[in-house]
1. Consider Ala153 carefully, then state whether it is in a helix (DSSP H, G or I), touching a helix residue (DSSP H, G or I) at 6+ places or on another chain (Cβ under 7 Å) and not acidic (Asp, Glu).
2. For the range 268-281: of the residues being of a type in the set (D, E, K, R) and either under 30 Å from the mean Cα position of the chain (by Cα) or at pLDDT below 95 (or both), which is farthest from ligand 2 (Cβ to nearest atom)?
3. For the condition among the hydroxyl-bearing types (Ser, Thr, Tyr) and either in contact (Cβ under 8 Å) with a residue 40 or more places away in the chain or not in a helix (DSSP H, G or I) (or both), what is the one hit in Tyr160, Tyr168?
4. If we scan the range 102-116, do we find a residue that is outside any loop (DSSP other than H, G, I, E, B), of a type outside the set (D, E, K, R) and modelled with pLDDT under 90?
5. Touching a Lys or Arg at 6+ places or on another chain (Cβ under 9 Å) and among the small types (Gly, Ala, Ser): is that true of Ser210 in this structure?
6. Restricting to the range 171-191, name every residue that is assigned to a helix (DSSP H, G or I) and either closer than 14 Å to Val243 by Cα or of a type in the set (A, V, I, L, M) (or both).
7. Given the options Ser158, Ser146, Ser142, name the one that is crowded, with 18+ Cβ neighbours inside 10 Å and among the hydroxyl-bearing types (Ser, Thr, Tyr).
8. Out of Leu102, Leu125, Leu137, Leu77, which single residue is in contact with a helix residue (DSSP H, G or I) (Cβ under 6 Å, 6 or more places away or on another chain), crowded, with 16+ Cβ neighbours inside 10 Å and not small (Gly, Ala, Ser)?
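The values are calculated or read from the model by the stated rules, or taken from the named source; none is laboratory data. Values in this document were obtained by computation on a predicted structure and should not be read as measured data. Using ideal geometry, Cβ is built from the backbone for each residue, glycine included, and neighbour counts are taken over all protein chains shown.
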Amino acid sequence: MISGITFFIFVANVQRLTQGIVIKSTGSRYKVLDESGKTHECTLKGKFRISGIRTTNPVAVGDHVTVDESDGVITALAPRRNYIIRKASNLSKESQIIAANLDQAFLMVSIKMPATPIEFIDRFLATAEAYRIPASLIINKSDLHSPGDEALALKMKSVYEKAGYPTYIISVTNDTNIDIIEKALKGRTTLLAGNSGVGKSTLLNRLNPSLALKTGIISEYHEQGKHVTTFPEMHPLPIGGYVIDTPGIRGFGVIDFDRYEIYHFFPEIFKASSGCRFHNCLHMNEPDCSVRKAVEENEIEPWRYKSYLSIMLEKNPKYR
Ligand SMILES: Nc1nc2c(ncn2[C@@H]2O[C@H](COP(=O)(O)OP(=O)(O)OP(=O)(O)O)[C@@H](O)[C@H]2O)c(=O)[nH]1
Ligand SMILES: [Mg+2]
Ligand SMILES: [Zn+2]
């Protein structure tokens, strides 16, 4: 009898470790998908610190972790390949890690219902450059395009592909080019971003019907002025790979750019800058600026230059 009790206690203390990936994080609780496809509701014990930044969530979606199955505690965090963060608030020194270990970022936009502002696109792409995460663009709702909209979509495709961003014109409703998107997502971990209503959840449901994500409602995260703490979720794809749905993507654009490096995050502007007379040229009013020359000669799309200026002036009001 006594030996029976001893045996029981021994078993209870045995760690059953398994490796997995964090697919959801809601502050103190984590959902971990293990290699066998089983999910675990987990908690954290002890300290997980990353040197250099203070974070509100030490473990994030996309993190590779070790879980003790016996009590659901995350016991180890694998080194991250990369991660994206946002400040918890403007005044805060603390940051929230949005996601880790990303292969690529896809920005979904639409020209109609709703119209995505061009500057929003350029800010997103510049931020992805800053994080060195390869970015692509999806222009959804092509079924709604007038001939003029379609011309704009094609123009955007040409401008962004020239700058190095693969661009797909699709319609989830009409099933146009979904197979190409599927191929681009296959086997990779992709951050999917985009303003509210462009069709992100609709696309994810099309790629994985078992997700049954809510669509068609403007999520509360997008209400102006609301500071909801949002936590992204990672969805496995049947064809292999993961897509991270990021509701609170407004925070994605708040990375602190240094004014002399902003143009590094516009690949075509960076390329042209090698011909500028001054090595510290900001491509504003300096003489012999090859970036401005390229804009005048239409080698650089004027709206891209305008977006660059806009970020530049926002970060440096004294130049206004
Ligand atoms: N015409 C048209 N409508 C679409 C298409 N894709 C999605 N929609 C519609 O657009 C609306 C918004 O779609 P959602 O998938 O909820 O948009 P979302 O990007 O997830 O929006 P949030 O969750 O608020 O960020 C829904 O009514 C969809 O049916 C498309 O290709 N064409
Ligand atoms: Mg959605
Ligand atoms: Zn210049």
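1. Working: in a helix (DSSP H, G or I): yes; touching a helix residue (DSSP H, G or I) at 6+ places or on another chain (Cβ under 7 Å): yes; not acidic (Asp, Glu): yes.
Yes; evaluated as a whole, the condition is true for this residue.
2. So the first thing to find is which residues in the range 268-281 are of a type in the set (D, E, K, R), and the list is 268, 271, 277.
Of the ones still in play, those that are also either under 30 Å from the mean Cα position of the chain (by Cα) or at pLDDT below 95 (or both) are 268, 271.
Numbers: Glu268: 31, Lys271: 36 Å.
The residue in question is Lys271.
3. Working: Tyr160 fails: either in contact (Cβ under 8 Å) with a residue 40 or more places away in the chain or not in a helix (DSSP H, G or I) (or both).
Unique residue meeting the criteria: Tyr168.
4. Start the filter on the range 102-116 by keeping residues that are outside any loop (DSSP other than H, G, I, E, B), which leaves 104-110.
Filter once more, keeping what is of a type outside the set (D, E, K, R): 104-110.
Then keep just the ones that are modelled with pLDDT under 90; that gives none.
The answer is no, given that none of the residues of the range 102-116 is outside any loop (DSSP other than H, G, I, E, B), of a type outside the set (D, E, K, R) and modelled with pLDDT under 90.
5. Numbers: touching a Lys or Arg at 6+ places or on another chain (Cβ under 9 Å): no; among the small types (Gly, Ala, Ser): yes.
No; evaluated as a whole, the condition is false for this residue.
6. In the first step, residues of the range 171-191 are kept if they are assigned to a helix (DSSP H, G or I); the result is 178-185.
Within the range 171-191, Ile178, Ile180, Ile181, Glu182, Lys183, Ala184, Leu185 qualify.
7. Ser142
8. Values: Leu102 fails: in contact with a helix residue (DSSP H, G or I) (Cβ under 6 Å, 6 or more places away or on another chain); Leu125 fails: in contact with a helix residue (DSSP H, G or I) (Cβ under 6 Å, 6 or more places away or on another chain); Leu77 fails: in contact with a helix residue (DSSP H, G or I) (Cβ under 6 Å, 6 or more places away or on another chain).
None of the others qualify; the one that does is Leu137.
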